[in-house]
Amino acid sequence: WVGKCASLMRPLIDAIERHVLAGSYLHADDTPVPVLDPGRGKTRQGRLWIYLRDERPHGSDIPPAALYRYTPDRKGLHPQTVLKDFTGHLHADGYAGFNKLYGPGNQPVREVACWAHVRRKIHDVYEKTGSKLAREALDHIGHLFDIERQIINKPPDDRLAVRQSHSLRQLDETKTCFEHSLRKIPGKSDLAGALRYALTRWDALICYAYDGRCEISNNAAERAIRPLAIGRKNWLFAGSDTGGDRAAAIYSLIETAKMQGLDPRKYLSIVLHRIADHPINRIDDLLPWNIDIQD
């Protein structure tokens, strides 16, 4: 059933892909997925990737959408191929496979790093050691997120104005705190590693403060990855690379439908009923943000 569904829905999935990649600000992330390897009698590790377009946090009414892709490995060639024509801001983790996409200024792709990743690394140290320096660093990061809570869903210009007047000063204080702390602790300590992780990515970490469309964290992509992690507990592994491709296709439809507030089961049922006889040049009528599922 999944194979038939994915095949019938391919034009619709292609339309979601075009919509996602037409954005100028994307979130990206990936997660491992076990794939059956019959020749070895065990599973190997493939990857499921998310490319997410969600402009709602800066007040846009452009429909959000999630594009999932499966690959048999984690080579940087895969995201580089998907994003070869993308221009804009890419919010991702520090995975080196994205590096070839990034260029100076805004061309072709500007890297936006994730403050939630930084906070998580420092928090792990604090949980283990109770370090006062780690606590101080967390407090500085907390102030950055406090500012963001005040401007959620505001237009880009409003967000940018607040960040320029408040976030930039707080970012300067945060960097000073990190640098001073590094001088007080052993260079090989876990806290030193967490602080260096931030400082070596500083330009990408402060990028959000110069563009009101950008987010402070990549949490949107991590939320989009979460259903895959839950799914793995139910279906355990993909039966093949083809199965991984089909899973990515179905996830694209389900999660995009959920982002529009639709019941994904009802949405898929209605689209499967209509799509075989639907004109291919009007495939956009069946996208989750265009369809009337009351029909």
Problem - Checklist (1) assigned by the TED database to the domain that holds Ala248; (2) under 18 Å from Trp202 (Cβ atoms); (3) open to solvent by 20 Å² or more (accessible area, probe 1.4 Å) applied to Lys75, failing item - result: (2)
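State the number of residues belonging to the stretch 272-295 that are open to solvent by less than 70 Å² (accessible area, probe 1.4 Å), of a type in the set (A, V, I, L, M, F, W, C) and farther than 23 Å from Ile50 by Cα. Break it down stepwise before answering.
Of the stretch 272-295, the ones open to solvent by less than 70 Å² (accessible area, probe 1.4 Å) are 272, 274-275, 278-279, 283, 285-289, 291, 293.
Cutting the leftovers down to of a type in the set (A, V, I, L, M, F, W, C) gives us 272, 275, 283, 286-287, 289, 291, 293.
The next check asks that each one be farther than 23 Å from Ile50 by Cα; those that pass are 272, 275, 291, 293.
Final tally of qualifying residues: 4.
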Handout entry: Condition broken by Asp241, with the remaining ones in (1) touching a helix residue (DSSP H, G or I) at 6+ places or on another chain (Cβ under 6 Å); (2) farther than 28 Å from Arg135 by Cα satisfied
Key = (1)
Handout entry: Pair list, Cβ < 8 Å and 6+ apart or interchain, from the stretch 185-206 residues that are farther than 13 Å from Thr174 by Cα and assigned by the TED database to the domain that holds Arg120 to residues that are in a loop (DSSP other than H, G, I, E, B) and open to solvent by 70 Å² or more (accessible area, probe 1.4 Å)
Key = Ala192/Pro186
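Wholly within the stretch 211-287, which helices (runs of 4 or more DSSP H) include no fewer than the required count, namely at least 1 residues that are among the basic types (Lys, Arg) and either closer than 30 Å to Arg119 by Cα or modelled with pLDDT of 95 or more (or both)? Break it down stepwise before answering.
Numbers: elements: 219-235, 241-259, 264-274.
Ranges flagged: 219-235, 241-259.
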Exercise for the section: Tell me which residues, restricted to the stretch 26-43, are open to solvent by 10 Å² or more (accessible area, probe 1.4 Å), over 21 Å from Ala113 (Cβ atoms) and touching a residue at least 12 places away in the same chain (Cβ under 8 Å). Expected result: Pro32, Pro34, Leu36, Thr43
Problem - Residues satisfying the stated conditions in the stretch 143-154, i.e. surrounded by 13 or more Cβ atoms within 10 Å (Cβ to Cβ) and within 21 Å of the chain's Cα centre (by Cα) - result: Leu144, Phe145, Glu148, Ile151, Lys154
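Working carefully through the options Val162, Val118, find the one that is in a helix (DSSP H, G or I) and either among the acidic types (Asp, Glu) or touching a residue at least 60 places away in the same chain (Cβ under 8 Å) (or both).
Among Val162, Val118, only Val118 is in a helix (DSSP H, G or I) and either among the acidic types (Asp, Glu) or touching a residue at least 60 places away in the same chain (Cβ under 8 Å) (or both).
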Fill in the blank from the handout: With the first residue restricted to the stretch 66-81 and required to be in contact (Cβ under 8 Å) with a residue 40 or more places away in the chain, and the second required to be crowded, with 21+ Cβ neighbours inside 10 Å and among the polar types (S, T, N, Q), Cβ contacts under 7 Å at 6 or more apart or on different chains are Ala66/Ser252; Ala66/Thr256; Leu67/Ser252; Tyr68/Ser252
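The values are calculated or read from the model by the stated rules, or taken from the named source; none is laboratory data. Note that this is a predicted model, so its numbers are computed, not measured. Cβ coordinates were reconstructed from backbone atoms using ideal geometry, including for glycine residues, and neighbour counts include every protein chain displayed. All accessible areas refer to the heavy atoms of the entire protein, side chains included, with ligands and DNA or RNA removed. Shrake-Rupley method; radii C 1.70, N 1.55, O 1.52, S 1.80 Å.
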